[in-house]
Amino acid sequence: MENNELKTGTTTIGLVCKDGIVLAADKRATSGYLVAWKKFDKIMPITSNMAVTVAGTVSDVQLLVKYLKAELKLKDLRTGRETNVREAASLLCSFIYNNIRKYSLIPGISHFILGGVDSKGLHLYDLSPDGSIVEIDDYISSGSGSVMAFGVLETLYKKNLSVDEGVKLAAKGINAAVQRDIASGNGIDIYTVTKDGVKKVFTKELDYRIEV
C-alpha cells in the first residue's frame, strides 16, 4: 500500500540552559518525497510554562497535543493547582504509549520533547514513540535530521549556557540538519521557556525559489 500520510520529517532540539529551556525545530512537513507543507510550526505551547516539539505523523501529534492541553486544564480545575512538568510529561507519555499500540492502517508514530518550568525548576523530557520517558539534563534532538544536529551539540554544548547562547547553538544545530537532511528545511522556529513563561524568540522562513 502506498504510504501517503503526512509526516513532519523533522529536526527538533531541546537544550537545558542555566536560566531556561530552549526548543528549536525546522518547518518542513513531508509526504514520502513530497514537501507537503513548508510552514508547519513544530513547537507547540501547552501551558503558559510548558511547550513541546513534535515529530512523527502530523495527525497523531496534533491530536495528542489537543488531548494533553484539555486534560491539563481539567486536572488543574480538579486539584486547584497547576500541574507540574513531570506530571504533564507522564500524562503525555501514557497517550503516546496507547497511541502506538492501537491497530491502525496509519502508524501512530509520535516523538515529543517537552520543556517546562515549575516550582522545582527547569525540566526537559524526551518522550519517545514507544511511550518511554527520559529526563534530559543537557540536550536532546529528535527526527530524521537529529544525527546532524547531535554532531553540532556534542561539539559545542557546554554546561551553564545562557538562554541567548542556547538560542544561537540551537540555530546552528537546526541549520546543520537543514543543509543535509532532505526531510528538514524551509525555516526554523525557536522558543524559550523561562520563569517568564513560553516565548517564541526567533522564526525565519527559507525561500528556495529560483527566479530567472
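Here the spin labels are modelled as points 7 Å beyond Cα on the Cα-Cβ line, and at Lys195 and Lys39 they lie 3.7 nm apart. Under 16 Å from a label point set 7 Å out along the Cα-to-Cβ vector of Lys66, no amide N atom of the stretch 168-212 is found. For the chain, the pair-distance distribution built from all alpha carbon pairs, in bins 5 Å wide starting at 0, is 1, 8, 16, 20, 20, 16, 10, 5, 2, 1, 0, 0, 0 percent. Across the chain, Cα pairs under 8 Å and at least six residues apart give a relative contact order of 31 percent.
In this label model, Lys18 and Leu74 are separated by 4.3 nm, measuring between points 7 Å along each Cα→Cβ vector. Can you list the lysines whose alpha carbon is less than 18 Å from that of Lys158, not counting same-chain residues fewer than 8 positions off? Reachable lysines: Lys18, Lys168, Lys172.
Span-like helices, the chain: DSSP H, alpha-carbon axial extent 30 Å or more, mean Kyte-Doolittle 1.6 or greater, which ones?
For the chain, where a helix must reach 30 Å along its axis and average at least 1.6, there are no hits.
Helical runs assigned H by DSSP (4 residues or longer) give the chain a calculated mean residue ellipticity at 222 nm of -11000 deg cm²/dmol, each run adding -39500 (n - 2.57) before division by the residue total. Volume of the convex hull of the stretch 38-156 (Cα atoms only), normalised per residue: 121 Å³. Calculated over the stretch 1-96, the projected area of the Cα convex hull averaged across directions stands at 7.4 nm².
Protection proxy ranking of 142-149, 181-188, by the mean of other Cβ atoms within 10 Å over each peptide's residues and highest first, is 142-149, 181-188.
Laboratory data are not the source of any read-out in this text; all were calculated from the coordinates shown. If you're wondering where the values come from, they're calculated on a predicted model, not measured in any experiment. When we count neighbours, we look across all protein chains shown, and the Cβ atoms used for this are built from the backbone with ideal geometry, even at glycine.
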